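Notes to accompany the following structure.
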Amino acid sequence: MARTHRGLAGRAVFVVEGTRTPFGRSHTEKGWFRDVHPNDLLGAVYRDLLERARIAPTVVEDLVVGCTAPFGEQSRNIARNAWLQEGYPPEVPAVVLDRRCGSAQTASEMGTALVASGTHDVVIAAGVEHMGHVPMNAPAKISELYGEPWTPRMWEQYDFVNQGESAELIADRWALTREEMDEFAARSHQLAAAAIEAGRFDGEIIPWDLDGELRVGDQTVRPGTTADTLAGLKTVFRNEGGKVTAGSSSPICDGAAGVLLASASAVDEYGLTPRARIVDQTTVGVDPVIMLTGPIPATHRILERTGFDIADIELFEVNEAFSSVVLAWQREFTPDVDRVNVNGGAIALGHPVGATGGRLLSTAVAELERRDAELALVTMCCGGGLGTATLLQRV
């Protein structure tokens, strides 16, 4: 790794802090956050980032927040609403964006671009999703009132399917077996349970008082999960010949996550401690039917632009929307699998879609420090046929 590598243009951008809430199951009776407003989730992330960095809220120059369902409780600019709710200065602007599952990672990309360009010096990039209060089927209900997002001209060009069928199409294309997908899902739960037991998430999760009990973990992790137990589950997206089950899919969750980004000058001025540098970032588009293959070309682009080989990268966070997504990515790049999702992933920890990118970035930075490693790649698939990727270098 002594070669000269290209990457992000402009000023250096550093991740100063990363944090998240616990991820709670989206359930009306049993969900941890069933009585919590999404403003409270995102507001907690804001507050914790400022406290960790020991900076005043007036230092922050912009709030960029991902959210895939910005209506109902998450409407009317939740990025700003959560900030104002916390009593922070109204002079700080805010924006909400939607790049489906990659929304929080795209918030980081936009925040990074603002800092790299010299537009701002300190930006909070975050994501929030309360899938219990604003469920995934909410857009369908809105469409009944205000119309469909897909026009006949789009349907003439693409035979759109749901993401579960896309996961099945990926399994077909890469000849993945049901057994492989179940084994990978079980691995996620086992690694996540071990990480929680060892306290490896303690430094990145905001302890949350839930019914008098302080939670520092995630609700959907199932210790003791095995491939054998998952083998008994029915497939859910195909009646015949299917391989994808609820067990090899990420659970619907509620949560928020974010990072604090800063320039070198801000690091010096405010006495901040940079933890990682954004080496490069990218977003790609792919076929919107198979949809979830974006991490593959996104990773290729990062490697091509920076000159690194896959073997140079010591950690990978590849979002586990479905087992097949990560397994197909592994087939393409043949990384050391012991470097991939080393503390489990979304299949176990949950996937509050607009927030997960923030968790992946925070987890990657923390694990780089824990292992005294240098490079980590975070990559995600996104609904509609998109893919995001960020290469981090520990400082």
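Some observations on this one:
- Selection of chymotrypsin sites (Phe, Trp or Tyr not before Pro), region 38-93, meeting DSSP coil and at most 15 other Cβ within 10 Å: F71
- Annotation: amide H-H contacts under 5 Å for A94 (H modelled 1.01 Å from N, sequence separation of 5 or more, or interchain): L63.
- Likely footprinting exposure, E304, E86, fewest C-beta neighbours within 10 Å first: E304, E86
- Gaussian network model of the chain, springs between alpha carbon atoms under 10 Å - residue of P57, P251, P89 with greatest fluctuation: P89
- Here K243 is the anchor, and the aspartates and glutamates within straight C-alpha reach of less than 15 Å, apart from those fewer than 8 places off in the same chain, are E165, E168, D172, E179, E180, D182, E183, D228.
- Hz values of 3J(HN,Hα) by residue in region 205-218 - Karplus curve (6.51, -1.76, 1.60), Gly and Pro given as x: 10, 6, x, 10, 7, 10, 6, x, 10, 7, 9, 10, x, 10
- Converting phi to 3J(HN,Hα) with the Karplus coefficients 6.51, -1.76 and 1.60 and the offset θ = phi - 60°, region 319-329 yields 4, 8, 4, 9, 3, 4, 4, 6, 5, 5, 4 Hz in sequence order, with x at every glycine or proline.
- Placing pseudo-labels 7 Å out from each Cα toward the beta carbon at E51 and A9 gives an inter-label distance of 4.1 nm.
- Surface/4 estimate of mean projected area, convex hull on alpha-carbon atoms of region 1-98, nm²: 9.2
- Extension gain for F71 to V337 (0.36 nm times residue separation, less C-alpha to C-alpha distance): 91.9 nm.
- Region 1-73 and region 177-233: distance between their alpha carbon centers, rounded to Å: 21
- Pairwise label distance in nanometres, D209 with T177, each label 7 Å out on the Cα-Cβ vector: 5.2
- Rounded to 0.05, the FRET efficiency of the E369 and R153 pair, given R0 = 35 Å and the Cβ-Cβ distance, is 0.10.
- Choice from V16, V134, V236 showing the highest fluctuation, given a GNM over the chain with Cα pairs closer than 10 Å: V236
- Among E51, E29, E317: highest mean-square fluctuation, GNM of the chain, C-alpha pairs under 10 Å: E29
- Helical runs assigned H by DSSP (4 residues or longer) give the chain a calculated mean residue ellipticity at 222 nm of -10500 deg cm²/dmol, each run adding -39500 (n - 2.57) before division by the residue total.
- Using θ = phi - 60° and Karplus 6.51 cos²θ - 1.76 cosθ + 1.60, couplings along region 114-123 (whole Hz; Gly, Pro as x): 5, 6, 4, 7, x, 5, 9, 10, 9, 9
- Seen through its C-alpha gyration tensor, with square-root eigenvalues sorted a ≥ b ≥ c, the chain comes out rounded because a/c lies under 1.5.
- Taking every DSSP beta bridge that has both ends in region 247-395, the antiparallel portion is near 75%.
- Zero-based 5 Å bins, Cα pair distances in region 69-208, whole percents: 2, 7, 9, 12, 15, 16, 16, 12, 7, 3, 1
- For the peptides 111-121, 205-215, the ranking by packing is 111-121, 205-215, with the highest mean count of neighbouring Cβ atoms within 10 Å listed first.
- Förster radius 22 Å - calculated FRET efficiency between T119 and D268 (Cβ-Cβ, nearest 0.05): 0.75
- By average C-beta atoms within 10 angstrom, highest first, the peptides 224-233, 341-350: 341-350, 224-233
- Long-range HN-HN contacts of C382 with modeled amide H, under 5 Å: G294
- DSSP beta bridge pairing in the chain, given as percent antiparallel to the nearest 5: 70
No lab work stands behind these numbers, since they all come straight from the coordinates. From a predicted model like this one, the values you see are computed outputs, not experimental measurements. Neighbour counts run over all protein chains shown; Cβ positions are idealised from the backbone, glycine included.
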